[in-house]
Amino acid sequence: MAILQLNSKLPVITSSKRKELFTSCWSLFIIKQYFSEERSQTMRIKKWLVAVPLALTMLTGCSLLEKLVYRIDINQGNYVEQEAVDQLKFGMTKTQVRYVMGSPMLIENGYPDTWYYIYHHQKGHNDPIQKNLVVNFDATGTLVTINGDFEASDEFFESLR
């Protein structure tokens, strides 16, 4: 009996009511689909508007981050100044040149009469600076020529005192 009572309380849906419900549900479905398509297009645009600047920022951030990190100044080799090169004179001995310029950075095994003074400096993130000076001696061990990034003084060929 309880089953009969429940069934008797259900609303009766006539064919006209079915048509109304169907058309109202269909119109709600169409409206919902229209707004969801419009919303999805705006969401796509919003995603691109966020994604593109974010990607560009991340790509440039890699190179900018390197500049923020401190890098120490790096000095390598013999610090050579033009003033020291100006003190070199034609005919100086190896001992005198070593006293004025300091020990050379490189003396080749096969060519002991050619000394290389190489100075390499890199300040922070700047490009490195390298200066070279090549000092040549004759077979007797006296200074003959100097070459490289430094110029010989006007008094280079004057006699030693």
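The values are calculated or read from the model by the stated rules, or taken from the named source; none is laboratory data. Just so you know, these numbers come straight off a predicted model, no measurement behind them. All Cβ positions, glycine included, derive from the backbone under ideal geometry; neighbour counts span all protein chains shown.
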### Query
Mind checking which residues of segment 108-146 are of a type in the set (Val, Ile, Thr), under 28 Å from PHE157 (Cα atoms) and not in a loop (DSSP other than H, G, I, E, B)?
THR114, ILE118, VAL134, VAL135, THR142, VAL144, THR145, ILE146
#### Entry: Test: VAL80 is assigned to a helix (DSSP H, G or I), of a type in the set (A, V, I, L, M), at pLDDT 75 or above and surrounded by 10 or more Cβ atoms within 10 Å (Cβ to Cβ)
no
### Task
Determine, yes or no, whether GLY91 is part of a loop (DSSP other than H, G, I, E, B), surrounded by fewer than 13 Cβ atoms within 10 Å (Cβ to Cβ) and either outside the structural domain of VAL134 (by TED's automatic domain parsing) or not basic (Lys, Arg) (or both).
no
### Message
Against the condition surrounded by 11 or more Cβ atoms within 10 Å (Cβ to Cβ) and modelled with pLDDT under 80, how does GLU66 come out, does it pass?
### Response
no
